[in-house]
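Data block below; observations after.
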There are 2 protein chains.
Amino acid sequence: MVGPIAIAILFASLLPSSNIWAQTTPAPSSTEGFVNTLMPQPSQISIQEGRLVIAPSFKTATDHFRDVRLDAAIARSLGRIKNRSGIPIPTSPDTDGRSATLLVSVDGAGAAVQSIDEDESYSLEISPASAHLHAATVVGAMRGLGTLEQLVQSDATGLFIPVAVIHDTPRFRWRGLMIDCARHFIPVDVLKRTLDGMASVKLNLFHWHLSEDQGFRMESKTFPKLTELGSDGLFYTQEQAREIVAYARDRGIRVVPEFDMPGHTSAWFVGYPDLASAAGPFHIERKFGVFDPVMDPTRESTYKFLDAFIAEMVAIFPDPFFHIGGDENNGVEWKASPRIQSFMREHNLKDTSALQNYFNQRLLKILEKHGKHMIGWDEILTPDLPKDVMVQSWRGFDSLAAGARNGYAGILSAGYYLNLMSPADAHYMVDPLPETSDLSPEQQARILGGEACMWEEQTGAQTIDSRLWPRTAAIAERLWSPRNPNSVDDMYRRLGVESLRLEAFGLTHISQEYVSLRQLSGARQTGSFETLASVLEPVPFDQRAHLQHANQLTPLDRLVDALPPDPPSRHDFELLTRTYLKQPSAGTPEEKKLTSVFNAWISAEPEILRSIAGAPLLAESIPRAEQLTSLGTIGLEAVSFLSSGLRADAGWKAARLAVLDEAERPQALVRFTVIKPLRDLVIAVPETPAGQ
Amino acid sequence: MVGPIAIAILFASLLPSSNIWAQTTPAPSSTEGFVNTLMPQPSQISIQEGRLVIAPSFKTATDHFRDVRLDAAIARSLGRIKNRSGIPIPTSPDTDGRSATLLVSVDGAGAAVQSIDEDESYSLEISPASAHLHAATVVGAMRGLGTLEQLVQSDATGLFIPVAVIHDTPRFRWRGLMIDCARHFIPVDVLKRTLDGMASVKLNLFHWHLSEDQGFRMESKTFPKLTELGSDGLFYTQEQAREIVAYARDRGIRVVPEFDMPGHTSAWFVGYPDLASAAGPFHIERKFGVFDPVMDPTRESTYKFLDAFIAEMVAIFPDPFFHIGGDENNGVEWKASPRIQSFMREHNLKDTSALQNYFNQRLLKILEKHGKHMIGWDEILTPDLPKDVMVQSWRGFDSLAAGARNGYAGILSAGYYLNLMSPADAHYMVDPLPETSDLSPEQQARILGGEACMWEEQTGAQTIDSRLWPRTAAIAERLWSPRNPNSVDDMYRRLGVESLRLEAFGLTHISQEYVSLRQLSGARQTGSFETLASVLEPVPFDQRAHLQHANQLTPLDRLVDALPPDPPSRHDFELLTRTYLKQPSAGTPEEKKLTSVFNAWISAEPEILRSIAGAPLLAESIPRAEQLTSLGTIGLEAVSFLSSGLRADAGWKAARLAVLDEAERPQALVRFTVIKPLRDLVIAVPETPAGQ
């Protein structure tokens, strides 16, 4: 047993230790050097032989139509191509299409306020001499420009776009990302780079969750105490909100604000206790969960307040939809109030659900008066509501389908909760309209799309980028592309490329990990610690909540906060192991790679322990360093058995699986990304039957 | 010859390739585990046996005096200690000093507008039971809190502050950093993190260079066209400027604005051509250099304009000093204008220098009317100026000393130009008052300090952090600490620690390099390319200007922009080589380390060439990859001769030195950091005399 392992240790050390996840993904199909890295995949694409070479003479023109928004979108896309390549192509379009390399033909501006019906389709025809982008609207042209950017490739001969024909249109019209900016505040510049990321993957809606028990984040001039007393000074001015709306529109993204009511409203009541059902005083809630404070639906003053507040907000948010939340009202204060109970009896409202429905009906009238459609979470859905109310389902597909059967349009968010720390493929395989759906075509048409959701109990401004990206790109593809591109391996290959494209927008989802590792370890060089960190990820949301008992003021600066969910190691190691297990034998590239990975794990421990010694926030990780050695040793043993064809002694498997089980337990709020494939390796080892 | 090299290659590969610069600096002296990482060094420090342990019971109190600014400074410092350690110490001070672990005794608030006379001294007495910080002013307390933060150490037993007595007072009163925000615009959030970095190293003045031929960056409500037409939309609103002034004051930092005049003023004239000496139209200058446009000093309307403009600015910038630039007026337009020539004759002004003096005298009266002292660059200094005008010397110590002899106060900036891409030690050894100075004590007292200067021809928002940090910390130490801490080795050891502390403020001087390398190479894993990048740095400023012919619109996204000046490799490799050469022999740690470094260089080439192949912006670096192999080979050869005591053949040295000379030539706008020590190694090799 000892021989092969010792040799393996020697070879493994030839690899830089922190560099073990490069290029394990199989090479994709390509035509004349072109590699498809589009994300999302277009509905129709035909790549042909030949290239459109990008040279300084590359000129762009518009015909039919142009406006400031289109010009800016062209300048951004061409500017990025120019900066990436160093080739000084002009970035402003002109109107003389005759000598243009890229002709952008747009039929018209699109709606003054982008709606769910905006035509986002486009076509791209690329020949060796020129490219022609055609779209009905400016937003469609933006989608096509995004694809064009992603088509640009370079090799030793230079920069080029492959000869291709693309016809592309989104599968769903509502492709959103919700960000909870209330539990932790997210600054404007972070939101802007997030909008750039969204545009890059063709998302078209930013759902801005602006109020919570833990904070009210939007300036009101009519009710200034909302932020003066309810925000800790962390809020968006109206000017900033308008800036975000304009920035989003420039990228073809709608902004739907959410003010959650009647529950999740503690922060409103700090400044305006008369809105509440119970007596004050109220405070900004620091804990997380569902709390009792709830608006008083029985007083006319509540509706007068909301009418004035909404009047102010609709001047900032032009989108036809207005999100009223409506979730998780526990009814406690309504049941406890004799006055509210008596109101319910007078109005024949049999339970708190009926009372919330009464509240929603009143709120709906206010929204209608201000020209807005209502959208809310599952709970708002009651049979009395008119059919233009829309439902966002956090409960799941069944709840969404039930709504659709009853005539309500809806979008799916269950399955797209980024805060759960699930891997990208788990989200990717969730379909708002699964093939197995028994909805009628008419009912299916009511499923408008979906929204990724980022709840912020465990995330703040410093860590949000790695919680959003690149996983959100996988959800974006699910919502844009046809149902068929379901290869998880190919999705992850393209996700790796997209991740670097996202970094170019200033997103810190890659760099922040290394910044944090330096800060945690107090060392500039974090080599061995990176080796450990690369195979760890945050425990799931619920587990962290259970183990940490954090509140809003708990710093987000531990190892768990440094680590991205679903790091490259997870899928890369799984793929490597899977490929190896197809034909386990000595000398294959997969065997060499696995051996070197396991040796890197084993050799990392002493240096990790040295760096942890003086780093107070890393003390909790000591067991993880020791476990990494065990995992590496088990891996080497398994590969040595499998490659040699020798049998392990009876009991070998059980003992190794027990170690893996132990390593799988949460510790330091992080978990290993590699347990399942290791288990597959151990299980594949042939064992001498007991007693022989 | 072949034997030892081959073996060395084998061993070297045991090191992760990008990780070769860790821990080459010798361990410093310490008392009971305490390592002095203070930067700047205090004027008096006595470290004793014992520790004040930081536990959750750590309480802070103020006595005598407290105000909002002091409370905020305490909360920031304690918050950082808390977040670094995870120990939940309270961060707000109370006023009951009896049970306090840290007692902060401040005599008073200090001046309402911090002046050059602000008392910044403090004392710190730390016993095993408590710490006492005493200062005359809040600013002094901030300096002491900064030192306290830097004293905090951790080891396996936990967090502690060593028992110590510190009495500290700055050597110079004017310790500034000038940032040119005009040639390239620097956003507010970048300035804020820069101010945090400045406070960390006890700098006390931000000199804000706000106007240039290439842009006018400060909103004027009286003259809105200054930014409407002169800024490309990139400027600071008055609200933002006030925010910066307040942010700086909260950190004990003065803000002195500079509006450069009468030259460097093209951008003013785009909106207000009547200010100019020649006829318009004018444009924002895109090129860099000295240009002809200059204010018309003969018209009363010029002074009326400046009076109104300065009146507006003094309401924003409360500092008693106002910087008028005054540099690099070439006089061309004055000479070319018959009207101005006739004015000079009428007023008996014999040359353009005399006319500029006339302008300065007029400007001085306006400044005095608004209660400001004038400060300007060397050129303003003429015998007619009153003695309260201050000079900032870019010309050097002689110019500064000449001013001091004539009664003028001054500060040194020559030797502190960060944009030149010089190493930290070069700046560190420049003293505003060298020991060799022949100034009288009275004249010496007129040398108030110095300012690091960051001119922005070749730097922008994305790259400024690594151009400023950590080198600015070395200049800050020169200006604060006594003349005696002159050990370059120890400075670099502490600079490495300070660099990580600076990163905690959000500065991107470390992380941006890796972001850029990923973008340049299009790969997430940049291992071998990092090996090359780690021994490269930007060519000097003048060389780049000469080779690149860049203008304001040239993207700053090439390899030269990714690389920090004076990276850790430079001093670490020099120190390693120096230590090795003291007793070159086989088997020493230095020999092993050198060998592994050289092997890492050699083995990097194939992977670097692979990654460069598809990366258009890296094509220019191919020769550098090839040279790295040559450098590694020369290093291995030299070490093998030196360690074995064998002689090289005649001509060996000359051939190797020629290769080093070739590698020293600029290429891709970058240069190697390791040529000089390599040359030392080669020169040290004994050679068989020719003909033997």
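The values are calculated or read from the model by the stated rules, or taken from the named source; none is laboratory data. The structure presented is a predicted model; accordingly, all values stated were derived computationally and were not measured. Because the Cβ atoms are built from the backbone with ideal geometry, glycine has one as well, and the counts that use them run over all protein chains shown. Surface accessibility is based on the protein's heavy atoms, side chains included, excluding ligands, DNA and RNA. Shrake-Rupley method; radii C 1.70, N 1.55, O 1.52, S 1.80 Å.
Of all DSSP-defined beta bridges confined to chain B, some 40% are antiparallel rather than parallel. Each residue, B:L420 and B:A354, gets one label point 7 Å from its Cα in the Cβ direction; the gap between the two is 3.5 nm.
Looking at the protein assembly as shown only, what percent of DSSP beta bridges run antiparallel? Nearest 5 please. The answer is about 40 percent antiparallel. Counting only aspartates and glutamates at least 8 places from A:K59 when in the same chain, those with an alpha carbon closer than 13 Å to its own are A:D94, A:D96.
Extension gain for the segment B:Q444 to B:T688, taken as residue separation times 0.36 nm less the Cα-Cα distance, is 82.3 nm to one decimal. For region A:311-330, backbone nitrogen atoms closer than 12 Å to the point 7 Å from A:A402 Cα along Cα-to-C-beta are found at no residue. Listed by chain and number, the aspartates and glutamates whose C-alpha is less than 20 Å from the C-alpha of A:K593, apart from same-chain residues fewer than 8 away, are A:D489, A:E530, A:D572, A:E574, A:E605, A:E637, A:D680, B:E607.
Ignoring lysines fewer than eight residues from B:K350 along the same chain, the ones with Cα atoms less than 21 angstrom from its Cα are B:K335. For the segment A:152-162, counting C-beta atoms of other chains within 10 Å of every residue's C-beta and taking the mean gives 2. Compactness of the protein assembly as shown, taken as the C-alpha radius of gyration over 2.2 N^0.38 Å, stands at 0.97.
The calculated pair-distance distribution of region B:408-551 uses every alpha carbon pair, bins of 5 angstrom beginning at 0, and gives 2, 8, 15, 18, 19, 15, 10, 6, 4, 2, 1, 0, 0 percent. Quick one: go through region A:557-589 and flag any residue whose amide nitrogen is under 18 Å from the point 7 Å out along the Cα-to-Cβ line of A:E664. Counting backbone N atoms under 18 Å from the label point, the list is A:566, A:570-571, A:573-575, A:577-578.
Counting Cβ atoms of other protein chains within 10 Å of each residue's Cβ and taking the mean over peptide A:521-531 gives 4. Highest mean first, the peptides A:485-492, B:390-397, B:655-662 sorted by other C-beta atoms within 10 Å per residue fall in the order B:390-397, A:485-492, B:655-662. Residue-wise HN-Hα couplings along region B:378-387, as the Karplus relation 6.51 cos²θ - 1.76 cosθ + 1.60 with θ = phi - 60° gives them from phi, are 2, 4, 6, 6, 10, x, 7, 6, x, 6 Hz; Gly and Pro carry x. Projecting 7 Å from Cα along the Cα-to-Cβ direction, the label point of B:S342 sits 9.5 nm from its equivalents in the other copies, listed shortest first. When the listed pairs B:K192/B:K287; A:K225/B:K192; B:K582/B:K676 are checked against a 18 Å cut-off, the alpha-carbon distance exceeds it for B:K192/B:K287; A:K225/B:K192. Span-like helix check, chain A: qualifying full DSSP H segments, with Cα axial length of 30 Å or more and mean Kyte-Doolittle of 0.5 or more, are A:622-644. Entry note: chain A has Rg to Rh equal to 1.00, where both radii use alpha-carbon atoms and Rh is the Kirkwood radius. Relative contact order for region B:320-375: 59 percent, from Cα pairs under 8 Å spaced at least 6 residues apart, divided by residue count. Dipole check for region B:47-159: with +1 at the C-beta of Lys and Arg, -1 at the C-beta of Asp and Glu, and the Cα centre as origin, the magnitude is about 520 Debye. Ranking A:S220, A:N357, A:S611 by how far each Cα lies toward the positive end of the dipole of chain A (charges on Cβ) leaves A:S611 at the top. Under 5 Å between amide hydrogens, which residues at least 5 positions from A:L536 or on another chain qualify, with H placed 1.01 Å from N in the peptide plane? Sorted by chain and number, the residues that satisfy this are A:T673. Volume per residue for region B:87-193 equals 175 cubic angstrom (convex hull of Cα atoms). Around the Cα centre of region A:197-296, unit charges on the Cβ atoms of Lys, Arg, Asp and Glu (plus for the first two, minus for the last two) sum to a dipole of about 480 debye.
Here B:H370 and A:E300 are evaluated by their C-beta separation; at R0 = 56 Å the FRET efficiency comes out at 0.45. Interface B-A: total buried accessible area of about 3400 Å², 1.4 Å probe, protein heavy atoms only. Look at the stretch A:80-89: the mean tally of other chain Cβ atoms within 10 Å of its residues' Cβ atoms is 3. Amide H to amide H, with H built 1.01 Å from N, A:R51 comes under 5 Å of A:V163, counting only residues 5 or more places away or on other chains. Ordering B:468-477, A:493-502 by mean Cβ neighbour count within 10 Å, with the highest value first, yields B:468-477, A:493-502. This model, with +1 at the C-beta of Lys and Arg and -1 at the C-beta of Asp and Glu, gives the protein assembly as shown a dipole about its Cα centre of some 580 debye. Expressed as a fraction of 2.2 N^0.38 Å, the C-alpha radius of gyration for region A:470-559 is 1.36. Each Cα pair under 8 Å and six or more residues apart adds its separation to the average, and for chain A the resulting relative contact order is 13 percent. Extension gain for B:A129 to B:D189 (0.36 nm times residue separation, less C-alpha to C-alpha distance): 17.7 nm.
Take A:A315, move 7 Å from Cα toward the beta carbon, and the resulting point lies 2.6 nm from the same point in each other copy, nearest first.
Summarising the strand pairing of region A:206-311, around 40 percent of its internal DSSP beta bridges are antiparallel. Please give the residues of region B:146-189, grouped as numeric ranges, whose backbone N is less than 17 Å from a label point set 7 Å along the Cα-to-Cβ vector of B:S57. Label zone hits: B:158-161.
For region B:579-656, the relative contact order works out to 38 percent when only alpha carbon pairs closer than 8 Å and six or more residues apart are counted.
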